[in-house]
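Engineer: Mind looking over this structure? Questions follow.
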Amino acid sequence: MASTFSTNLALELIGTGDQSGTWGTTTNTNLGTLLEQAISGYVTQAITDGSGANTTIYIPNGSTGVARNMFIEMTGALTFSTTSLIVPANKKMYFIFNNTSGGFAVTVKVSGQPGILVPNGKKVVLTCNGTDIVEAHTAIVGNATMGGTLGVTGATTLSSTVSFTGSTFTLDQKSDTAFATPAALSATGYRGFASTVSGASMMGHGTTNDVSLMNRAGTVVLGVGPNTTVVNIPASLTVGTTLGVTGVATLGNGAILGTPASGVATNLTGLPLTTGVTGTLPVANGGTDVTSYAIGDLLYASGATTLSKLADVATGNALISGGVTTAPSWGKIGMTTHVSGTLPVANGGTGVATTTAYAVQCGGTTSTGAHQAVASVGTTGQVLTSNGASALPTFQTTAAGGVTSAVAGSGITVSAATGAVTISQDFYTGSTSTNVTYPISSYVIVNTGAAYANNSSQDVRNATGNTGFAIASGTALTGTWRARGSFFQNFGLIGCTSVSVGYALFQRTA
């Protein structure tokens, strides 16, 4: 049969025949730990701060728990008045001490219930009835003696004769039902409590007056308005010596305040400054002691109790401190004396406070946002060379000739595009009589039999039999050929047929 646990204190109840040889350990825990917590346990519990914050404690089955202790001292610094200590619904008595700092009350309750509000610094006796936390006692059936001060924050009901002894007697009725007549209170020297009670305080809850002072005829001669500090004097007031007023004095019903020969007026309302006062308000009384200004004037302290005017000056000047004990002045900002820090790039500066002599300044990276100096000023003859978009340029010695690449043109050959380059004119150096391919810019003499205009274009052919170059027959040479000059002669011999002789110099142009 398995163990069960008691309803309220959660003590382990050993089942019949269970825990043979080990029941003593369970019993010692029940008696020496858990019951001792419930009867005389004292524990401190930090209260969680926050609006509506809850701190929950428990009574676990068969093991120690904060909520099982008899006395719980709440601690912690609070800034909210809506914090709660949540206890289990087990029926149990609690002594609760609100020892938190901050001056706020803490509600002790079962979850979801209203509970009891424990004021800051107070110790109370509470109990859980199985549903919520309630007060453990609400009445004293016998006599009670209070050695110290009795503080009552709620309503106080007196059902029998009450006797007060001592030098101080205070009545604070607040919301209680007012005494119907003075006869309802039996105390020696009740009239104003002046004959036998020293330093008496009177508080009431009347509809016309909270406190009323009456003469023997029952006429009110002085009253304090409900829940106010206003004193009402129904009849005339005669002051035998000096009447001192520290607050606001209100005169009504056409009352007239005479003008004294001398005196100090305080807390006056509605005094016209343009007609009711004369003279100039000095600095010692919160004034300036200055009666006129020019547009643009500034006030400054020229002494411990003196204000002076600083006249305005031309546009563009700034107000400059003269230092401690020296008046300010208008002037231009000295870049070498009046400013500090380094002007950033965003404001037209370089963002650099120091430079290297003769160094070149370049734009900084996006991370620095400032200018940067090229690391070296280089040596004579070096040139500033780009190192790409992500690096500063550097001074470098140029390569010989300064040529970085070479490209062949018409009739020109190069040995390489970069590096060591050899440039050559393209000439035909072959010896084959049937060759029809010659380099561009090559020249040949052609048997034309006629004259050709300079620069005219013509197919040039390797003559039949490979014995020269002709126009009419043979294999055409590759490319475009143009006449660069010609010779023509028509020979007419006596008794012979006329013979025309013509030659032309042709150049390959494409």
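This table checks each residue for (1) without any contact (Cβ under 8 Å) to a residue 12 or more places away in the chain; (2) not in a loop (DSSP other than H, G, I, E, B).
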position	(1), (2)
Y94	no, yes
G103	no, no
P114	no, no
G121	no, no
V124	no, yes
V134	no, yes
T138	yes, no
T149	yes, no
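Engineer: Of all residues in region 447-462, how many are of a type outside the set (K, R) and buried (at least 18 other Cβ atoms within 10 Å of the Cβ)?
Structural biologist: Taking region 447-462 first, the residues of a type outside the set (K, R) are 447-460, 462.
Right, trim to buried (at least 18 other Cβ atoms within 10 Å of the Cβ) and you get 448, 452, 460, 462.
Of the residues in that region, 4 qualify.
Engineer: Quick one: which of A67, A89 is more than 18 Å from G121 (Cβ to Cβ) and open to solvent by less than 10 Å² (accessible area, probe 1.4 Å)? Give the steps one after another, and end with the answer.
Structural biologist: Numbers: A89 fails: open to solvent by less than 10 Å² (accessible area, probe 1.4 Å).
Testing whether each residue is more than 18 Å from G121 (Cβ to Cβ) and open to solvent by less than 10 Å² (accessible area, probe 1.4 Å) leaves just A67.
Engineer: Can you tell me which residue within region 276-291, out of those that are among the hydrophobic types (A, V, I, L, M, F, W, C), part of a loop (DSSP other than H, G, I, E, B) and in contact with a Leu (Cβ under 8 Å, 6 or more places away or on another chain), is nearest to T306 (Cα to Cα)? Show your work before the answer.
Structural biologist: Here is the first cut: in region 276-291, the ones among the hydrophobic types (A, V, I, L, M, F, W, C) are 277, 281, 283-284, 290.
With the extra rule that they be part of a loop (DSSP other than H, G, I, E, B), the set shrinks to 277, 281, 290.
Now drop any that are not in contact with a Leu (Cβ under 8 Å, 6 or more places away or on another chain), which leaves 277, 290.
Values: V277: 22, V290: 10 Å.
Step by step, filter region 276-291, then rank; the result is V290.
Engineer: When residues of region 419-445 are filtered for being open to solvent by 80 Å² or more (accessible area, probe 1.4 Å) and in contact with a Leu (Cβ under 9 Å, 6 or more places away or on another chain), how many remain?
Structural biologist: Final tally of qualifying residues: 2.
Engineer: Then there is this: Just to be sure, is D297 surrounded by 13 or more Cβ atoms within 10 Å (Cβ to Cβ) and touching a helix residue (DSSP H, G or I) at 6+ places or on another chain (Cβ under 8 Å)? Even if it seems obvious, please write down each step before you answer.
Structural biologist: On the way: surrounded by 13 or more Cβ atoms within 10 Å (Cβ to Cβ): yes; touching a helix residue (DSSP H, G or I) at 6+ places or on another chain (Cβ under 8 Å): no.
Criteria not met by D297.
Engineer: Could I ask something else about it? Please tell me if T467 is open to solvent by 80 Å² or more (accessible area, probe 1.4 Å) and either in a loop (DSSP other than H, G, I, E, B) or at negative phi (or both).
Structural biologist: It is true that T467 is open to solvent by 80 Å² or more (accessible area, probe 1.4 Å) and either in a loop (DSSP other than H, G, I, E, B) or at negative phi (or both).
Engineer: Step by step: first the residues of region 401-418, then only those that are surrounded by 12 or more Cβ atoms within 10 Å (Cβ to Cβ) and at pLDDT 70 or above, then the one that is nearest to A510 (Cα to Cα). Which residue is that?
Structural biologist: Of region 401-418, the ones surrounded by 12 or more Cβ atoms within 10 Å (Cβ to Cβ) are 406, 408, 411-415.
Keeping just the survivors that are at pLDDT 70 or above gives 406, 408, 412-415.
Details: A406: 21, A408: 14, I412: 13, T413: 15, V414: 18, S415: 22 Å.
Going through the qualifying residues, I end up with I412.
Engineer: Please pick out the residue among I72, I47 that is in contact with a Ser or Thr (Cβ under 6 Å, 6 or more places away or on another chain) and either polar (S, T, N, Q) or buried (at least 19 other Cβ atoms within 10 Å of the Cβ) (or both).
Structural biologist: Numbers: I72 fails: in contact with a Ser or Thr (Cβ under 6 Å, 6 or more places away or on another chain).
The conditions single out I47.
The values are calculated or read from the model by the stated rules, or taken from the named source; none is laboratory data. This is a predicted model, so every value here is computed, not measured. When we count neighbours, we look across all protein chains shown, and the Cβ atoms used for this are built from the backbone with ideal geometry, even at glycine. Each accessible area value is taken on the protein alone, full model and side chains, heavy atoms only, with ligands, DNA and RNA left out. Shrake-Rupley method; radii C 1.70, N 1.55, O 1.52, S 1.80 Å.
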